[in-house]
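Quick notes on the structure that follows.
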């Protein structure tokens, strides 16, 4: 196949050339005059399964012939000659074995990392072990490092060496994946040294970035019929630039560094890389020169001044490049989606390339509006799939106390109760949600759920709630358990929740592609759980999430034939007419190097391990290849999550180079790139523009007299005065605000608890005056807080507030007792307006009576009490309660004169605020109240929204219904009769 030569045989395919197509064309050309079986003797080794599939597809296009043997680098160990080598230990088993060791390390050194990082830490340690095996770096090499300036870090490294050394001692007997791969390659090289293969062996598409792979590539390059074919080789770099790519610390982030390193290890020079003769001409050689110069190593960027003026016309070179700088990631995703839609219309092969999976999910969601399903090579992370989320929610039951929101999250999940009829389950779930929103408790338990079921009339409610009690209540774990038991209990619980109360199946939990992938991950964890030791519930939940995160789910729907989403690796082996390089910001592309808790950058370099810049260099090579496509978009968001982003270093270099070459048309080229991007941004803005919408007017409905409320509470009179529309919405339309699912420790709950504390305290002191002490008040507060407030930190805060006002309560209570004796607590009352057919209701917090029968009414406030003017004009609660007491009394208490009414304000500065009964006697208050109600019962009177709010920004429960914001309080009410 190849002509004999004494030099290693290394070829390079230029940038901007479809690599698999060039490879196949070359193989066909080399065997054009050979017998058919000659091609079948070729052993073609590629680095990814996707590339192998693409090469096979290209051969399948015809003509009919015998195909070469195509395999992956990782498939070499499957040959029968390697059968005596021990099988590799499953990666998950190795990570679980390390999990227990790292856990002990964290117990000894808690400052190393939080426990939430337990699995991530063991995973990074396993990855480092894999790297050491792959690069041939034993622990002894690290022990011999110069650590004179790394004393603090060295203590951590010594702990690490103690963990990994046993795995190196037993590495040949129980190898991990990388160890076995290196063993396979070493044996294969030894066999070739004794008996070189007489058939062609070609390694194509790999850059040799890993030690074991590079060792294999060097051996193949020296075979009599061996060859290496590099992808994306930059033939435009001058020799002096290649000479600078020698030191990893300064050059490993360069896209061509791996080629220079490989040739140096081979004893050659990049100039010895021969062009692959059968590769087509690059799409734009001029653009390749520009990109090459822009990406030169940082130490030689001064060559821009020397070589920049020799570049071709930059306007022509960058003619098919668009630069899109969006204001936000949302705008970036929308504009990309619009361009992909246009490509679908034109039947143009287009691909979005980015490592930012959040951005790709946004683009996918936006494409859905046009019914376009892209062919996403990465798919969805398993943990974000429907079964992945379900299994994680179930795992959280073992970690946290059951809350109302976590219960309903699972009850509403589409996989819950799928083994039997789901209709009654959904109906009961809705009823339970409304009950929990209205009445609580925030932490449902078996007793509260049973009480709810007993009040239901549905016959299936009892069995359904029994299933909830068994599956959801009291599942949190307080101690560690063996991982095997945790996995078994977790999956059994998940299957029972998925099945429902009847039957023994798992519902549809393991159905479809996502379910099968989840079952595969769960089965792998179950099979290897015996190596994981014991874990507590939080550590298990973190471990389970990390295991799921290793899996991916492909969309089972048929994707669009022209629209694709690729990772950066896929771009090497695929061809498209339009490539969109998205998310070109630092931290996204290139991605920020992951922190290494074990070895710093300097020690890695001294030990011969890979530097963090390796991944950046690979990404740079992917960028350089993708930027050479026929049409290229480069996109980024200027802001992300309300913060300024930093432009990707490669795009920044390109912009600076173009901007600094005005004589070659650089400024015009850059301006044209931005103008093309701005055109599409303008189209995206037009798509999102809702147009002119007529704003709503300030509502003031006029309901018929028969629909107007005939019964209100004293607290609602303030609302009737300030915001009549709220009364209309509540009592005429029958609308109620939906209570929050998770009861919050808000002012309403604090007021309820305070009322109960003072009621119980005053009752106790009536029977035993000796209990009128600070100690008893605080003890009573602690008891009631424990019964009604399930948040420990809130209990502590509210108890501290009570302690601050306790002395004031006791001091002023003696004055109140001198006036009168406490008689009624939380007593309901009502008063009629017979001429209007209206009833006023109310509840008095406390009513005292003196020896002459006069009453004293008290109302507790956790905040500030209303002022005298506010009580006179708006907040008439106490004044109306006083009028009710004289009109009809409260409970069994007959009407009596009211001598005083007081607000007890128990905030940070407690005080007693008296109602202005002298200025506002009860007779006057009642007359004004009757006039107010008569006005609102008049069928010509409207109920305007926000008539007299205390402040402009004060929120109302029905502001959204009134469409407040489309109108202003200065607008006149739009009075409109309603029927």
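Observations
- Count - residues of the stretch 493-518 that are in a helix (DSSP H, G or I) and in contact (Cβ under 8 Å) with a residue 24 or more places away in the chain: 12
- Summed over the stretch 412-443, residues that are part of a loop (DSSP other than H, G, I, E, B) and either more than 21 Å from residue 744 (Cα to Cα) or modelled with pLDDT of 90 or more (or both) total 11.
- Applying the criterion of at least 3 residues that are buried (at least 18 other Cβ atoms within 10 Å of the Cβ) and touching a residue at least 60 places away in the same chain (Cβ under 8 Å) to the strands (runs of 3 or more DSSP E) found wholly in the stretch 801-871 leaves 821-833, 838-849.
- In the set 674, 636, 710, only one residue is in contact (Cβ under 8 Å) with a residue 24 or more places away in the chain and surrounded by 18 or more Cβ atoms within 10 Å (Cβ to Cβ); that residue is 636.
- For the stretch 78-102, the set of residues classified as part of a helix (DSSP H, G or I), closer than 30 Å to residue 113 by Cβ and in contact (Cβ under 8 Å) with a residue 60 or more places away in the chain consists of 91, 92, 93, 94, 96, 97, 98, 99, 100, 101, 102, listed by residue number.
- The listed residue being surrounded by 18 or more Cβ atoms within 10 Å (Cβ to Cβ), under 25 Å from residue 532 (Cα atoms), modelled with pLDDT under 80 and touching a helix residue (DSSP H, G or I) at 6+ places or on another chain (Cβ under 7 Å), out of 92, 105: 105
- Restricting attention to the stretch 1-44 and to residues that are outside any loop (DSSP other than H, G, I, E, B) and in contact with a helix residue (DSSP H, G or I) (Cβ under 6 Å, 6 or more places away or on another chain), the residue that is surrounded by the most Cβ atoms within 10 Å (Cβ to Cβ) turns out to be 13.
- Qualifying residue in the stretch 745-758 (condition: modelled with pLDDT under 95, more than 44 Å from the chain's Cα centre (by Cα) and farther than 30 Å from residue 303 by Cα): yes
- Qualifying residues in the stretch 218-236 (those that are in contact with a helix residue (DSSP H, G or I) (Cβ under 6 Å, 6 or more places away or on another chain) and in a loop (DSSP other than H, G, I, E, B)) - the one surrounded by the most Cβ atoms within 10 Å (Cβ to Cβ): 234
- Flag if residue 361 is in a helix (DSSP H, G or I), touching a helix residue (DSSP H, G or I) at 6+ places or on another chain (Cβ under 7 Å) and either under 23 Å from residue 622 (Cα atoms) or at pLDDT 95 or above (or both): no
- Residue check for residue 976: exposed (fewer than 14 other Cβ atoms within 10 Å of the Cβ) and in a strand (DSSP E or B): yes
- A single member of 340, 366 is in a helix (DSSP H, G or I), touching a strand residue (DSSP E or B) at 6+ places or on another chain (Cβ under 9 Å) and at pLDDT 90 or above, and it is 340.
- Matching residues in the stretch 194-217 - criterion: being closer than 28 Å to residue 299 by Cβ and in a loop (DSSP other than H, G, I, E, B): 206, 207, 208, 209, 210
- Filter result for the condition that a residue is over 16 Å from residue 541 (Cβ atoms), surrounded by 17 or more Cβ atoms within 10 Å (Cβ to Cβ) and over 26 Å from the mean Cα position of the chain (by Cα), over 500, 505: 500
- For the stretch 305-325, the set of residues classified as outside any loop (DSSP other than H, G, I, E, B), surrounded by fewer than 22 Cβ atoms within 10 Å (Cβ to Cβ) and touching a residue at least 12 places away in the same chain (Cβ under 8 Å) consists of 307, 308, 309, 315, 316, 325, listed by residue number.
- Meets criteria (surrounded by fewer than 23 Cβ atoms within 10 Å (Cβ to Cβ) and part of a helix (DSSP H, G or I)) for residue 249: yes
- When we screen 661, 657 for residues that are under 30 Å from residue 312 (Cβ atoms), within 40 Å of the chain's Cα centre (by Cα), at pLDDT below 95 and buried (at least 20 other Cβ atoms within 10 Å of the Cβ), the only hit is 657.
- Residue within the stretch 791-798 that is surrounded by fewer than 17 Cβ atoms within 10 Å (Cβ to Cβ) and touching a strand residue (DSSP E or B) at 6+ places or on another chain (Cβ under 7 Å) present: no
- Any hit, the stretch 594-601, residues being out of contact with any helix residue (DSSP H, G or I) (no Cβ under 8 Å at 6 or more places or on another chain) and crowded, with 19+ Cβ neighbours inside 10 Å: no
- Residue within the stretch 389-410 that is within 21 Å of residue 561 (Cα to Cα) and at pLDDT 90 or above present: no
- Test: residue in the stretch 878-899 that is under 30 Å from residue 799 (Cβ atoms) and surrounded by 13 or more Cβ atoms within 10 Å (Cβ to Cβ): yes
The values are calculated or read from the model by the stated rules, or taken from the named source; none is laboratory data. All figures in this text were calculated on a predicted structure; none of them were measured in a lab. We place every Cβ from the backbone using ideal geometry, glycine too, and count neighbours over all the protein chains shown.
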